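Some notes on the structure that comes next.
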Amino acid sequence: MSSRGWRAAWSLLRRAFDPIPVAPHGAHVETRSFNVCGRRSVRWAHALANGRTSSNALHHRRPRSVVWRNTERAVHGSTYGTRGYAIDNNTTHENTENVWETVVGLELHVQLSTATKLFSSASAGPSSKVSSSQSPNTRVAPFDAAWPGALPSLNKKAVELAARIGIALNGTVQKSSHFDRKHYFYQDQPHGYQITQHKNPIVKGGVLEFFANKTVKKGGSYGNDSGSKPTTPTRLRIEQIQLEADTGKSSVVSAVMRSERERDGKNYKDWLVDYNRAGSALVEIVTRPDLRSANEAASAIEHVQKMVRFLGVSSANMEDGSLRADVNVSVRRRDDKNIFGERCEIKNLNSFKSVRLAVEVEVKRQVSILENGGLVTRETRGYDVQNNKTYTLRTKEQIAEYRFAPEPDVPAVIFSEAEIDDIKRTVPELPNAALIRLTDLKGKFNLAPDLAKKVTGHPSTLQFYELALRSAEETVEEKTKSDSDTKNINKVFPSDVAHFVVGELVGAAKRAQVVRSANAPLAHLPASASPTLVGELCGLVSLSEITARMAKKTIAAMLVAEEEDGKYPSARQTVFSLFGETEPSVSQCGSTGGDANGSIPGGQEDRTLVELCREIIAEKPTEAKLFQSGKRRLMGLFVGQVLKRTGGTADPKKVSEVLKRLLEE
C-alpha cells in the first residue's frame, strides 16, 4: 500500500475508534471513507461506529438510510472522496425533490458544412437525410481509410468555420492551436486514434445566454423547472471549442440467416462499417456544468442549433447526425453548491425530447441509488427510447487511458489579428439578438414572443420576412402618394405580415411541394413568390383591396406561376387574373378593386352588397325588430349570413357598416 493509502487508513481507524455519543434512531451519524479504501472501509466504519467489531461485521449490509455525497472541491467529473449522511427512513419522495439538485454539462458535436473532409480531399457529402441513402464507402480517401503513407492535409475552410462559432459564442480564438492524437480502438476508427484538439483548442472560453423554454413541472424532475417563463436568461459557460475528425458509422446486423453459418445453429453477428463520414470536419463544443434541469439542457441545445444555422456553418439536423448531443448528468444536495456528484455521460441523443427524457430518467436513477446507500459509478450510458431508461455502454475511460500525444503530421494553426477581425465581420446577427429586436415593445416590430420565435427559426425565414415587410410598406406608400384621400389608407402591421409569412406562405409552399428543407421552408421558393412579390400581396391586404382569404388563394397561384416575357406577374396582376378587373360580384364584394369601405374604383356604392344585406334583413324580420329594440348582439347573426352567402370573401367591417345603416333606417 502506498504512503497515501496508509495515511488514509490510519485516519479512518482513528476516527472509527473515537468515542461516539449514542444517538437516537434516525439521528444524523457521520462516517467517512476514501477512494483508496473502497466500499469495505465504509462498511467497517459503520460496524465500528455501531459497536460491531467482530470479523462478520465487514459483511453486514449498510443501512438503507445512508446517502453519499462528495467532499472535494473539484471540477465536474474529477476524482472524489465521499461522505455519507444518514437520513430518516420515513423521508418521502416529495421531500427528496427539495433535497437533490440536477447538474448537467453538454458536449455538442457539430458537423461543419465543408465541401471536403477535414484532412483529405474526399467529398464531405451533404449533411442531410439524402446522404444516408448514398452507397456506403464511396467517399473515402486513402487517409480516411488509414492507408500506410497517406498524410493529412488540413481544410482551411473548416478552421474558419470553427473560429466563427467561437466568436459567436463570445470565446477567444487562439492565435496558435495544435492537434493531438486521442488513442482508442473502435470498429469505425480505422487509424486506431482520433485527431482532435485536447490541450490547445482553437477556441477557449465563451458563454451562451438563452431563455429556457416554458414547461409544466411534473413529479420527480429534481430541477428548477417551475412552469413559469424565466425573467432572466440562463448563462451557460463554454469550456472550449475544438476541431476534430469525425468517425465512421457502424452497425451490428445478425448473420443467423447466412447459409454458411446455419450449419451449427449459432446466432452470429456482423459489424458493418461505412467510412463515408470518417474524417468529416467536426466541432466539439464542451460546456461547463451550469445547467440545472432537463429543460435547460434541451433549450441550450436548441439555441446552439439555431445559432450554427444562422452562422451558415452547419445544417445542424439532429435526426441525421449533423448535430449530436452528449449530456453529462449528476446530482448533488441543494445545500452543497461547491460540490459535484459523480457524473454519467449519456451518448448520442438525437432529439430535444430525448435529451429531456434521458436527463430526467437518469437523475431519478442516480437519486434512487444514493438514497438507498449506493454509490454512483462513472460510466458511459445510452438511452432506450422505447422503455424510457438509460443503460450501461461501458465504464468511463480515464483521461490517461486515451494516451494523448501531439499530432506530428498536422502543423499548428496560426491566426493573425487581422484574420480574426475578418472572421468577426462575417458573423451575422444571432437568433437571440434578432429575437430581442423583434419583440422590443418600443421597436418597429413589436411581435409576440411565440411569433418572433417562428420568424427567427432560420436565417432565411428572418430575411424573407424583413424584405416582405419592406415591400408591403412600399406598396402602401405608393398608394398613399397617388390617392389624395388618404384617410382610409391602412397602415402595414408587422405582425400581420409575420403571420402571413410563417403561416399561410409556409403552408402553401408545402402544399405546392416547393420546400426542400423542413428547417428552412422559405430558402428555396421560386422567383414567382419572391419576398418583394409576397410583400406586395400583403400590402394589398393592408389597403383592403383584397381580403385575407383572397390573399391565401393568390399566394397558392403565385407559387406555381410561370414566367412571361422574362418576368413573373406581380401580385396585383395575379389577383386580377384570378378575380377579374371589373366590378366585383357578390362573391367578391368588399374585395377586388375596393377601398377600405368596400367601394368600387368608380367611387359608387357597392349596390350588390347592399341588396344582399336587404334580402337577409327581410328574411329575418323578428331578429331585425329585436336588434332595433336594443339586442345589439344579433349583429353577428346578420354578418354571418352575409359571409355565408359570399363564401367568406366579403369584408366583415364593410358588411357590419351596411347592415347597421339599413337596420337603423
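Values in this text are rule-based calculations from the coordinates and carry no lab data. All values derive from a computational prediction rather than experimental measurement. FYI the Cβ positions are ideal-geometry reconstructions off the backbone, even for glycines, and counts take in every protein chain you see.
Sorted into 5 angstrom bins from 0, the C-alpha pair distances of region 419-568 split as 2, 9, 17, 19, 19, 15, 10, 5, 3, 1, 0, 0 percent. Using a simple spin-label model with pseudo-atoms 7 Å out from Cα toward Cβ, Glu665 and Ile369 lie 8.4 nm apart.
Once you list every other residue whose beta carbon is under 13 Å from the beta carbon of Gly248, what net charge do they have if Lys and Arg are +1 and Asp and Glu are -1?
Details: positive: Lys117, Arg139, Lys249, Arg277; negative: Asp144, Asp188, Asp246, Asp274.
Here the charged neighbours net out to 0.
From most to least packed by mean Cβ count within 10 Å, the peptides 386-395, 616-625, 138-147 give 138-147, 616-625, 386-395. Legend: calculated FRET efficiency, Arg333 to Arg403, from the Cβ-Cβ distance at R0 = 45 Å, rounded to 0.05, equals 0.80.
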